[in-house]
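Undergrad: Questions regarding the structure given below will be posed in turn.
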Amino acid sequence: MRTLERAAGEKDAGRKVKYFVRGDMGVSYHQFASLKTQGAVTVNGAPVRANHLLRPGDVVAVRLYEPGQVGVAPDPTPVDVVYEDEDVLIIDKPAPLACQCSPKQDAMTLENRLAYCFPGMVFRPLNRLDRGTSGLMAAAKHAHAAQALQRQLHTDAFVREYLAVVEGRMDGAGVIDAPIAKEEAATVRRAVDHENGRPAVTHYRVEAAGDGCSLVRLRLETGRTHQIRVHLMYMGHPVVGDFLYGHEDERLPGRFALHSTYIRLIHPITGEIIERASPLPEALRRLL
């Protein structure tokens with residue numbers, strides 16, 4: 001169980017503990033309401049009420065109770081964890097592999113594998129990857145970290161970069177600013193829709209180009225479903241092997257040539273910068 005601790009200063013004299021925990025310690029209103037009924041908020045080791053008045057030097061501790069994961073069958077297949085501490089995980093996901101269980105997919109997912117590696121942990125991914133996309137994704141180990149990390153999404157604090165091998169010759173660098181909406185009558189397909197779409201912005205830079213394909217580095221500013229895949233199709237250069245927005249490729253069974261290559265985030269508790277990189281998988285390098 002994760003415990004947060006912080007000492008009250010001179011400015012906190014006479015301040016109610018609920019405002020200190022929610023303000024200075026970053027615990028949300030709803031989470032605090034749950035924790036206080038469990039005796040999980042203490043001052044100098046003793047449980048206190050929400051209106052307890054602080055004195056300078058008081059040590060406030062919050063035990064972050066987690067209910068535990070239920071109903072997810074553990075899968076002993078190894079997981080490539082490239083960063084781990086009490087609060088955050090960064091995983092290098094292979095492809096094809098679904099991230100989370102669903103009514104149509106209740107086993108053989110990354111969530112099942114993590115249930116074996118981290119018994120009882122609720123899987124809270126910060127960025128989700130399609131089944132056919134490989135690479136880095138971050139997850140929180142508890143609700144407090146998840147809430148803090150969610151606030152970083154779509155800001156400069158959380159950076160995601162991808163590498164894609166795309167069809168055809170693509171040159172230069174630029175920004176794709178094209179709104180995305182769900183296609184009418186489609187179950188999962190999205191498309192650029194300037195009238196009804198939600199804002200979607202992708203930055204790109206071509207790193208190598210040949211006669212048949214190009215290697216493109218992409219950075220997301222927004223996080224729409226299938227955003228990179230839709231934007232590259234819109235540019236006339238679908239991701240190689242993308243069976244939904246381009247063409248299947250027998251060299252990439254079950255996946256396509258999109259890889260989450262870099263993540264940078266601010267640690268939700270310590271404030272440190274965490275960054276990790278993952279090279280292009282061999283199956284995608286061979287396409288070049």
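Bear in mind these aren't lab numbers, they're just calculated from the coordinates by the rules spelled out. What you see is a predicted model, and the numbers here were worked out from it, not measured in a lab.
Undergrad: Considering all projection directions equally, how large on average is the shadow of the alpha-carbon convex hull of the chain, in square nanometres?
TA: Seen from a random direction, the Cα hull of the chain projects 17.5 nm² on average.
Undergrad: Output the antiparallel fraction of DSSP beta bridges having both residues in the chain, as a percent to the nearest 5.
TA: Here the antiparallel bridges make up roughly 95 percent for the chain.
Undergrad: On a straight-distance basis, which lysines could pair with K182 in a cross-link, Cα separation under 23 angstrom, same-chain partners fewer than 8 positions away excluded?
TA: Cα-Cα hits under 23 Å: K104.
Undergrad: In region 28-162, how does Rg compare with the Kirkwood Rh, expressed as the Rg/Rh ratio over alpha carbon atoms?
TA: Reported Rg/Rh, Kirkwood definition of Rh: 1.06.
Undergrad: So what's region 159-260 giving for Rg/Rh, alpha carbon basis, Kirkwood Rh from the mean inverse pair distance?
TA: Checking Rg against Rh, the ratio lands at 0.95.
Undergrad: Helix-only mean residue ellipticity at 222 nm, the chain, DSSP H runs n ≥ 4 weighted -39,500 (n - 2.57), per residue, nearest 500. What is it?
TA: Rounded to the nearest 500, the figure is -4000 deg cm²/dmol.
Undergrad: Using just the C-alpha positions of region 104-225 as equal point scatterers, what log10 of I(q)/I(0) does the Debye formula give at each q in 0.15, 0.23 1/Å?
TA: Here the Debye-derived log intensity ratios amount to -0.93, -1.34.
Undergrad: Give the lysines reachable from K36 as a straight Cα distance under 16 Å; neighbours fewer than 8 places away on the same chain don't count.
TA: Straight-line reach from K36, under 16 Å: K16, K18.
Undergrad: Using a cut-off of 20 Å between alpha-carbon atoms, which aspartates and glutamates can reach K93, once sequence neighbours fewer than 8 places away in the same chain are excluded?
TA: D75, D80, E84, D85, D106, E111, D130, E161, D242, E275, E282
Undergrad: Provide the gained length on full extension for the span E184 to R217, in nm with one decimal, where the gain is 0.36 nm per separating residue minus the Cα-Cα distance.
TA: 8.9 nm
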